[in-house]
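Below is one structure, written out as structure tokens; the observations come after it.
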Amino acid sequence: MGNRVTIMDIAKKTNVTHTTVYKALNNKQYVKEETKKRILEAAASMGYRANKVAQSLVRKSQKIGIVIEGYYSDYSLDLIRGIKDGLNDLFDDKVEGVFTEFETSYDREKTLRKINDLKIQGVDGIIFAPYAVCQEHIDMIELLYSDDIPVVLVTADIPNSKRVTTIRPNGRLVGSIGAELLRLCQKGKTRAVFVGNKNVVHHQEIIDGFTEKSNEEGYEVAAVYETQDDDMIAYYSAERLLKDHPQVSGIYIGTSHSVGVCRKIIELGLDKQISVIGTDIFNELIEYIEKDTVKATIYQNSYMQGKLAVSEMFKYLTEKIVTDDTIYVNPEILLKCNYKQYMEQER
């Protein structure tokens, strides 16, 4: 006997989302009749049999806990917006989110307490956006796993943990794109990179991708600086960089906290000599894009990461489906000519 046909199989065949398939199969609202007919015909031809256990689970309210560690900048705002929209899509399925209080700084102990509180509240699963990897995180996820509380990670991974899946950007790809974009606008051969924290897996991947691509194309990476996701630290780190390495003509900022670096470059009158590539898009950065201080920015789409995290958790809770061990959200390149269109469309 072959493998059981799942909602995901039907979604792939009909080129719609798994949520749309679920709603069509269960006669929910907001599915076009022609789409519903196509889905039902595909389900019949593929021999789909409804998972009664999953249906009974959906009929009762499901609670998904959300923990965002080290809340920072518009990156986190877009992530939260994506999670909320993902939950709204599942409103008819009685899925609700339990949001914990957002902290503006990284506090490991508070994170662990919040997750334990969610466990006590009886959540069915937890979406966790970690800031830095630590053994306590791994132990906590293993404990939740043993209590049948699945964890979906978003924005970053915790290697060697028993999380269901992780939805995040491909850091090496983001770093490589940053290096490639600098090649198109940088005048000299020496460059530097800024990240939030080297202990964050995603940020270390950005450094690796940027350095590898730069070396491959004959550029020297003179320095790597950490901003700790603080614009003032970024400001003074840029000052130190330009004092210690005056030959630098290209900077890639692999974190959303790029404004401090831009401010220092303009103060020193170097905005015509140094090419800057940023990461993500937010109101404070727009001024520097308009001035051409920032030539381009790499959008990591935290909104879509959040929305997919809810979707993947729902699939796992209802059908124990894991789409993939890691789901990468592709970055987009935003320039002066297209960032407005993006912001109007997405926000």
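Some notes on this structure:
- Among residues of the stretch 88-118, those that are hydrophobic (A, V, I, L, M, F, W, C) and either closer than 17 Å to residue 143 by Cβ or touching a Pro at 6+ places or on another chain (Cβ under 6 Å) (or both), counted: 3
- Positions within the stretch 323-347 being under 15 Å from residue 154 (Cβ atoms) and either among the aliphatic types (A, V, I, L, M) or part of a helix (DSSP H, G or I) (or both), in sequence order: 327, 329
- Checked against (1) surrounded by fewer than 17 Cβ atoms within 10 Å (Cβ to Cβ); (2) more than 30 Å from residue 258 (Cβ to Cβ); (3) modelled with pLDDT of 85 or more, residue 110 meets all criteria but (2).
- Residue tally, condition of a type in the set (A, V, I, L, M, F, W, C) and open to solvent by 40 Å² or more (accessible area, probe 1.4 Å), over the stretch 119-133: 2
- Tally, over the stretch 96-107, of residues that are modelled with pLDDT under 80 and of a type in the set (Gly, Ala, Ser): 1
- Matching entry among 116, 170 (being closer than 30 Å to residue 275 by Cα and either of a type outside the set (A, V, I, L, M) or open to solvent by 70 Å² or more (accessible area, probe 1.4 Å) (or both)): 170
- No other residue among 136, 180, 217 is touching a Lys or Arg at 6+ places or on another chain (Cβ under 8 Å), surrounded by fewer than 15 Cβ atoms within 10 Å (Cβ to Cβ), acidic (Asp, Glu) and within 28 Å of residue 273 (Cβ to Cβ) apart from 217.
- Among the criteria (1) out of contact with any strand residue (DSSP E or B) (no Cβ under 6 Å at 6 or more places or on another chain); (2) at pLDDT 95 or above; (3) surrounded by 22 or more Cβ atoms within 10 Å (Cβ to Cβ); (4) not β-branched (Val, Ile, Thr), the one residue 334 does not fulfil is (1).
- Qualifying residue in the stretch 164-181 (condition: farther than 16 Å from residue 131 by Cα, free of Cβ contacts under 8 Å to residues at least 12 places away in the same chain and not in a strand (DSSP E or B)): no
- Selection within the stretch 149-160 - open to solvent by 10 Å² or more (accessible area, probe 1.4 Å) and modelled with pLDDT under 95: 155, 157, 159, 160
- Residue within the stretch 261-269 that is closer than 26 Å to residue 331 by Cβ, of a type outside the set (A, V, I, L, M, F, W, C), surrounded by fewer than 23 Cβ atoms within 10 Å (Cβ to Cβ) and in contact (Cβ under 8 Å) with a residue 40 or more places away in the chain present: no
- Residue check for residue 212: open to solvent by 10 Å² or more (accessible area, probe 1.4 Å), under 16 Å from residue 182 (Cβ atoms) and without any contact (Cβ under 8 Å) to a residue 24 or more places away in the chain: no
- Cross-chain or 6+ apart pairs with Cβ under 6 Å, the stretch 315-337 first and closer than 29 Å to residue 278 by Cβ, then among the polar types (S, T, N, Q) and modelled with pLDDT of 90 or more: 326/166; 328/170; 329/301; 329/305; 331/300; 334/297
- Residue within the stretch 283-295 that is out of contact with any Gly (no Cβ under 9 Å at 6 or more places or on another chain), closer than 19 Å to residue 80 by Cβ, touching a residue at least 24 places away in the same chain (Cβ under 8 Å) and not basic (Lys, Arg) present: yes
- When the criteria are applied in full, residue 307 meets the requirement of being closer than 22 Å to residue 74 by Cα, surrounded by 20 or more Cβ atoms within 10 Å (Cβ to Cβ) and either within 22 Å of the chain's Cα centre (by Cα) or not aliphatic (A, V, I, L, M) (or both).
- Residues that are crowded, with 23+ Cβ neighbours inside 10 Å and over 25 Å from residue 154 (Cα atoms) within the stretch 275-295 comprise 275, 276, 294, listed in sequence order.
- For the stretch 19-39, the set of residues classified as open to solvent by 100 Å² or more (accessible area, probe 1.4 Å) and in a loop (DSSP other than H, G, I, E, B) consists of 27, 29, 30, 32, listed by residue number.
The values are calculated or read from the model by the stated rules, or taken from the named source; none is laboratory data. Remember, predicted model here, so these are calculated numbers, not experimental data. A quick note on method: Cβ atoms are made from the backbone with ideal geometry, for glycine too, and the neighbour counts reach across all protein chains shown. Note: accessible area is taken over every heavy atom of the protein model, side chains too, but ligands, DNA and RNA are not part of it. Shrake-Rupley method; radii C 1.70, N 1.55, O 1.52, S 1.80 Å.
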